[in-house]
Amino acid sequence: MASRRETESFEAEVGRAFEQMIPFNRVLGLKIDSLDPKAPRLRFDMRPELVGNPVRQILHGGVISATLDVVGGLAIALASLAKNAEENTEEAPSRHFPDIGTIDLRIDYLRPGRGKYFIATGRVVRLGGRVAVVHMELVNDTDEQIATGSAAYIVG
């Protein structure tokens, strides 16, 4: 069982990987809101650079889809690491992030992307040996559902 210090160190490592080491995530302003392996969350603030319709002042659809894709990948990474830890109880589990690639991504845009900030959540539906399926959602600061998504990823 991991000590509190090891857990905090690992969470800092995951946060650094997703927030700082991936340039596109920095452009979007994505921050870790929760590292719950069953439902990790990312948060980002509304900024003028993310607006897709200047008249309506709403998020660009590409920002929405990209964020949902990223949180799907985060959900798979955390679920894979948790599965690895369960399967390797006698030896130190690997903490290497799996290679993850999007195979299929579907986004349903439900409402205009208005809000002060947004929260994206991912939930792994199936984690197979090579393919994983995730459902995602994006809500705004008033908990209004902006979009949902589902995706399949290759995991290696």
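Just so it is clear, none of the values below were taken in a lab; they were calculated from the coordinates. Bear in mind the structure is a predicted one, so any value in this text is a computation, not a measurement. Cβ sites come from the backbone with ideal geometry, for glycine too, and all protein chains shown count toward neighbours.
Add -39500 (n - 2.57) for each DSSP H run of 4 or more in the chain, then divide by its residues: what number comes out at 222 nm, to the nearest 500 deg cm²/dmol?
Dividing the helical sum by the residues of the chain leaves -9500 deg cm²/dmol.
ASN84 to ARG26: FRET efficiency via 1/(1 + (r/R0)^6), r the Cβ-Cβ distance, R0 35 Å, to the nearest 0.05?
Taking R0 as 35 Å, the efficiency between ASN84 and ARG26 is 0.80.
If each of GLN145 and GLN57 carries a label point 7 Å out from its Cα toward its Cβ, how far apart are those two points in nm?
2.7 nm
As I understand it, the value is the acute angle between the Cα axis of helix 61-87 and the longest principal axis of the Cα atoms of the chain; what does it come to in degrees, rounded to 10?
That helix lies at roughly 10 degrees to the long axis.
Under 5 Å between amide hydrogens, which residues at least 5 positions from ASP33 or on another chain qualify, with H placed 1.01 Å from N in the peptide plane?
So ASP33 has HN proximity to ARG41, LEU42, ARG43.
Please work out the FRET efficiency for the pair VAL131 and LEU35, using the Cβ-Cβ distance as r and a Förster radius of 25 Å; give the result to the nearest 0.05.
Once rounded, the FRET efficiency stands at 0.60.
What is the fewest-to-most order of VAL14, VAL134, VAL27 by other Cβ atoms lying within 10 Å of their Cβ?
The fewest-first ordering by Cβ neighbours comes to VAL27, VAL14, VAL134.
Percent relative contact order of the chain, based on C-alpha pairs within less than 8 angstrom and at least six residues apart?
22 percent
Can you give the FRET efficiency to the nearest 0.05 for ILE154 and ARG114, using r as the Cβ-Cβ distance and R₀ = 41 Å?
0.75
Select one label from (i) 73, 42, 28; (ii) 40, 35, 29; (iii) 58, 31, 26: the one whose number is Cα extents along the principal axes in Å as derived from the coordinates shown.
The calculated read-out lines up with (iii).
Sequence-distant or interchain residues sharing an amide H contact under 5 Å with VAL131, placed H: which?
Here the answer is VAL155, since their amide H atoms fall under 5 Å of that of VAL131.
Spelling out what I want: for every residue of the range 135-140, take phi, set θ = phi - 60°, compute 6.51 cos²θ - 1.76 cosθ + 1.60 (Karplus), and round to whole Hz; glycine and proline get x.
Calculated HN-Hα couplings, in order: 10, 10, 8, 10, 10, 9 Hz.
What is the fewest-to-most order of LYS116, LYS38 by other Cβ atoms lying within 10 Å of their Cβ?
Going from sparsest to densest Cβ surroundings: LYS116, LYS38.
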